[in-house]
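The values are calculated or read from the model by the stated rules, or taken from the named source; none is laboratory data. Since the structure is predicted, the reported quantities are computational estimates derived from the model, not experimental observations. Every residue, glycine as well, gets a Cβ built from its backbone with ideal geometry; the counts of neighbours run over all protein chains shown. With ligands, DNA and RNA removed, areas are computed over all heavy atoms of the protein, side chains included. Shrake-Rupley method; radii C 1.70, N 1.55, O 1.52, S 1.80 Å.
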Amino acid sequence: MFFQYPKMLWLLAIPVLLILHYIYREIAGRSPHLRVSTSAPWRLKGSGIYGVVRHIPFVLRIAALSLIIVALARPRSSSEMERIDTEGIDITFAMDVSTSMLARDFTPDRISAAKDIAIEFIAQRPSDRMAIVVFAGESYTQCPLTTDRATLINLMKEVQTDLIEDGTAIGNGLATAVARMADSDAKSRVIILLTDGVNNSGEIAPETAAEIAKTYGIRVYTIGVGANGEAPYPVMTPWGIEVQKVRVEIDEDLLQNIAEATGGRYFRATDNTKLAEIYAEINRMEKARTTIDSFPIYKELFPRWGLAALVCLLLGILVSALIKRMP
């Protein structure tokens with residue numbers, strides 16, 4: 001047994017002081033003398049059973065106060081251990097944030113749909129560590145590996161275009177994602193790489209980044225985002241923003257090769273529904289359960305101490321009532 005708030009136990013000094021005061025009062029109370037014609041009315045009250053019983057209410061009140069103080073210190077027990085199964089996977093999202101992700105073949109656009117569906121995926125896997133890497137013409141880490149779902153979701157919501165140089169550096173994005181997981185000791189490590197374009201910038205070739213991922217035993221699931229043919233895209237004109245049709249160009253061969261080289265899979269998402277189905281499929285595939293034997297079960301003990309205090313208080317009241325009825 002241990003106490004959540006052990007400093008509360010210092011309050012046990014109060015019952016000790018009350019006991020000392022009670023003893024002093026009992027001793028001092030014997031000093032005065034009174035001359036009377038007969039001592040018969042007081043003979044029973046000064047000795048015998050009454051002399052012992054009359055102290056019981058005080059003892060019970062002190063016991064109740066002590067038990068309440070112990071209960072306030074919140075005694076707990078963690079002697080029991082529980083075996084639990086948990087998901088043990090590290091997942092990094094590598095998301096394209098180039099301006100082409102503003103195309104409106106998804107609702108309301110590609111990047112918003114990608115974020116919303118990724119957030120749903122995050123919420124479905126509470127036991128995994130996850131990270132976010134974004135890339136356009138260059139790449140950076142939006143969120144390192146963490147199990148803090150609130151922080152992860154908030155940082156995912158903040159992902160947007162125009163934060164870094166435009167372009168599509170798939171190799172840089174993948175390499176940064178691999179770097180985030182290089183020191184991970186998880187049994188399963190996964191990167192979900194989402195892009196809607198063709199590699200056209202960056203210092204690291206996508207094939208090189210894929211080989212690095214393979215070396216670390218990291219699987220890469222690649223997702224090509226974009227409708228077949230053309231997609232509506234907001235274009236700035238002298239008369240304001242106008243939506244125009246632009247050709248969708250996704251290097252599917254490259255994404256397929258990256259996935260195959262690392263033991264992952266390539267998916268093509270043409271709308272919100274298809275993208276949600278892809279994440280659901282990845283969610284089903286990535287199940288690596290592990291067993292943890294050292295998970296403690298904390299048992300709260302303060303209710304029994306509180307109940308004992310209540311019993312003492314009630315007994316004190318009962319004994320006091322009985323003493324008053326004694327002859």
### Query
Using a cut-off of 18 Å between alpha-carbon atoms, which aspartates and glutamates can reach residue 187, once sequence neighbours fewer than 8 places away in the same chain are excluded?
85, 87, 90, 128, 286, 293
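Per the 1.4 Å probe, what fraction of the accessible area of region 215-258, in percent, lies on carbon and sulfur atoms?
48
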### Summary
One finds, for residue 284 and residue 310 with R0 = 51 angstrom and r their Cβ-Cβ distance, a FRET efficiency to the nearest 0.05 of 0.45
### Fluctuation leader among 98, 188, 77 - the chain, Gaussian network, Cα springs under 10 angstrom
77
### Query
Kirkwood Rh over Cα pairs of region 200-313 into Stokes-Einstein at 20 °C, 1.002 mPa s: D in µm²/s?
110
### Summary
Expressed in µm² per second, the diffusion coefficient of region 120-164 from the Stokes-Einstein equation, with Rh the Kirkwood radius over alpha carbon pairs, at 20 °C and 1.002 mPa s, is 192
### Fraction of beta bridges assigned by DSSP in the chain that are antiparallel (%, nearest 5)
50
### Task
Among the lysines, select those whose C-alpha is under 17 Å from the C-alpha of residue 115, and discard any that sit fewer than 8 residues away in the same chain.
157, 274
### Query
Picking from 62, 282, 204, which is most flexible by a Gaussian network model of the chain using Cα springs under 10 Å?
62
### Summary
Nearest 10, in degrees from 0 to 90: the angle of helix 170-181 to the longest Cα principal axis of the chain is 20
### Query
Going from the alpha-carbon gyration tensor of the chain, what semi-axes, largest first and in whole Å, does one get by taking the root of 5 times each eigenvalue?
77, 21, 16
### Query
How would you order 316-325, 233-242 from highest to lowest mean count of nearby Cβ atoms within 10 Å?
316-325, 233-242
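Solvent-accessible area per residue for region 187-327 at a 1.4 Å probe radius, Å²?
So region 187-327 comes to 58 Å² accessible per residue, rounded to a whole number.
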### Task
May I ask for the percentage of alpha-carbon pairs in region 137-187 that lie more than 15 Å from each other?
56
### Query
What does the highest-first list of 139-147, 303-311 look like by mean Cβ count within 10 Å?
139-147, 303-311
### Message
With just the Cα atoms defining each centre, how far is region 236-258 from region 309-324? Give it in Å.
### Response
84
### Task
Based on the mean of other Cβ atoms within 10 Å per residue, sort peptides 99-105, 219-225 so the most packed one is first.
219-225, 99-105
### Query
With point charges of +1 on the Cβ of Lys and Arg and -1 on the Cβ of Asp and Glu, referenced to the Cα centre of the chain, which listed residue (316, 93, 5) lies farthest in the positive direction of the dipole?
316
### Task
Just subtract the alpha-carbon distance of residue 320 and residue 166 from 0.36 nm times their residue separation and send over the number in nm, one decimal.
46.9 nm
### Message
Let's test the formula: R0 of 25 Å, r as the Cβ-Cβ distance of residue 276 and residue 104. What FRET efficiency results, to the nearest 0.05?
### Response
0.90
### Message
Connecting C-alpha atoms closer than 10 Å in a GNM of the chain, tell me which of 23, 132, 192 has the biggest fluctuation.
### Response
23
### Query
In debye to the nearest 20, how big a dipole does the chain give about its Cα centre with +1 on each Lys and Arg Cβ and -1 on each Asp and Glu Cβ?
4520
